[in-house]
1. If the chain between Ser66 and Lys43 were fully stretched, how many nm would it gain, using 0.36 nm times the residue separation less the Cα-Cα distance?
2. At 0.36 nm per residue, and after removing the present C-alpha to C-alpha distance, how many nm does the segment from Lys158 to Leu277 gain when stretched out fully?
3. Please state the relative contact order of segment 246-381 as a whole percent: Cα pairs under 8 Å, 6+ residues apart?
4. With every protein chain in place, what's the accessible area of Thr351 (1.4 Å probe, Å², nearest 10)?
5. With a cut-off of 8 Å between alpha carbons and a minimum separation of six or more residues, what is the relative contact order of segment 65-128 in percent?
6. Could you tell me the relative contact order of segment 239-278? Use alpha-carbon pairs under 8 Å, at least six residues apart, and round to a whole percent.
7. Evaluate the charge dipole of segment 243-317 about its Cα centre and quote only its size in Debye, nearest 20, assuming +1 on the Cβ of each Lys and Arg and -1 on the Cβ of each Asp and Glu.
8. Stokes-Einstein diffusion coefficient for segment 1-75 at 25 °C in a medium of 0.890 mPa s, Rh from the Kirkwood formula over Cα pairs: what value in µm²/s?
Amino acid sequence: MNINIFGSTGTIGKKSLEIIDKSFNNLKINLLCAKSNFKLLKKQIYKYKPKYAFLYDIDKIPYCDSKINNTKILNFNELLSYLASSKSDLSILAIAGYKSLYFLEHIIKNTDNLGIASKEAIVSAGHIFKKKKFFQSTNIFPLDSEHFSLFDYFQKNKNVRRNYDKIIITASGGPFFKRKFNTLSNVTFSEAIKHPKWKMGYKNSIDSATLVNKCLELIEAHYLFDIPFDKMDILIHPEALVHSIIENKNFTSQFNLFKNDMKIPIYNFLLSSSVKLIKEDRRLFQYNYSKINFEEIKNDIFPIYRYFNKIDKNKPQNLIKFNIGNEFAVNLFKNKIIKYTDIYKIIKKITSLNLYYSVNTIKDIIHYHEEIEQMLQKFKL
């Protein structure tokens with residue numbers, strides 16, 4: 001069996017390669033794709049010997065390197081052509097941001113089993129995938145812990161698929177969950193990305209601090225599992241062991257609990273795809289049950305959630321604008337152009353813009369993103 005990994009130099013890509021190397025080394029690495037980290041991609045090529053590799057920022061590749069260690073380096077058009085004409089057993093899509101949409105339709109058609117962690121792509125195009133039944137054309141396996149926990153529950157309880165009354169996903173709260181939002185105007189970028197539980201890329205870390213990541217995950221859950229928005233909620237759970245809670249109509253509840261390690265969804269994805277396990281990592285079973293706490297979302301700490309609940313989510317454009325506004329604001333904060341508390345203000349401002357273009361195809365959505373991005377270059381803060 002072979003696997004393509006999109007986002008091989010990111011957190012999930014690196015964990016996936018580590019797991020495959022230690023526990024599934026009978027799985028052949030076929031294709032590695034990265035955004036701009038050519039130095040790490042090159043190391044991965046030498047270690048895992050994929051047949052193909054791709055770097056999105058082509059200018060980072062020395063012109064002489066059309067091949068590295070017998071691995072063919074594809075350009076953008078060659079990659080799309082390859083995906084259109086070939087078939088892979090497994091793929092992992094872990095590219096942050098909407099640009100994973102450039103590949104997603106091709107990947108879905110190319111692979112039998114897709115592990116997906118690109119929430120922005122589902123947020124922007126989930127309405128199309130539902131309409132075209134893309135989620136049924138290949139075996140989609142969510143890799144975010146919250147969606148993996150729901151996926152695992154629904155797979156095991158297909159006969160009671162609609163017997164729930166409410167779905168709750170949990171949030172760690174990030175670094176500021178005990179501080180009121182109006183006290184955070186002077187926090188630094190390094191403070192905001194300092195997650196109390198684990199290390200992530202800066203985008204996911206900032207989204208965790210603002211709670212935007214959970215808003216995006218509600219959208220993702222809506223599209224993946226057809227859960228109405230009014231049947232979902234969020235709770236703060238600092239220990240990050242319970243990833244979702246199913247409240248049933250018979251007054252019982254199920255807690256989906258496992259160690260807060262991305263390796264667990266990746267392990268399960270590979271096992272569900274009939275890849276043979278060579279060696280089990282027993283450390284994934286070790287966690288502490290002694291403390292499990294929950295807190296409701298407080299508006300004076302996470303005002304973005306109150307705003308998100310007011311958005312008309314029946315219009316995909318609103319969800320796309322929310323997503324774009326957040327990406328734009330996070331980058332401004334990263335570059336020290338705005339304060340941390342301005343992220344919330346900019347998301348509100350961009351989401352409220354009257355920009356209702358057609359979003360009926362993947363090309364429409366990419367164009368919609370690009371149009372708004374161009375407009376934002378002249379955006380007055």
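1. Values: separation 23, 0.36 × 23 = 8.28 nm, distance 1.56 nm.
Extending this stretch completely gives an extra 6.7 nm.
2. Details: separation 119, 0.36 × 119 = 42.84 nm, distance 2.61 nm.
Here the segment from Lys158 to Leu277 would lengthen by 40.2 nm.
3. On the way: 67 pairs, mean separation 21.8, N = 136.
16 percent.
4. The value for Thr351 is about 10 Å².
5. Details: 65 pairs, mean separation 21.1, N = 64.
Relative contact order here is 33 percent.
6. Details: 27 pairs, mean separation 12.5, N = 40.
For segment 239-278, the relative contact order is 31 percent.
7. Working: 13 positive and 8 negative charges, 43 e Å.
Taking the Cα centre of segment 243-317 as origin, the dipole is about 200 debye.
8. Values: Rh = 12.2 Å.
This corresponds to a translational diffusion coefficient of 202 µm²/s.
The values are calculated or read from the model by the stated rules, or taken from the named source; none is laboratory data. This structure is a prediction, so every number in the text was calculated from the model and none was measured. Ideal geometry is used to build each Cβ from the backbone, glycine not excepted, and the neighbour counts take in all protein chains shown. To get the accessible areas, we keep the full protein, side chains included, count just its heavy atoms, and leave off ligands, DNA and RNA. Shrake-Rupley method; radii C 1.70, N 1.55, O 1.52, S 1.80 Å.
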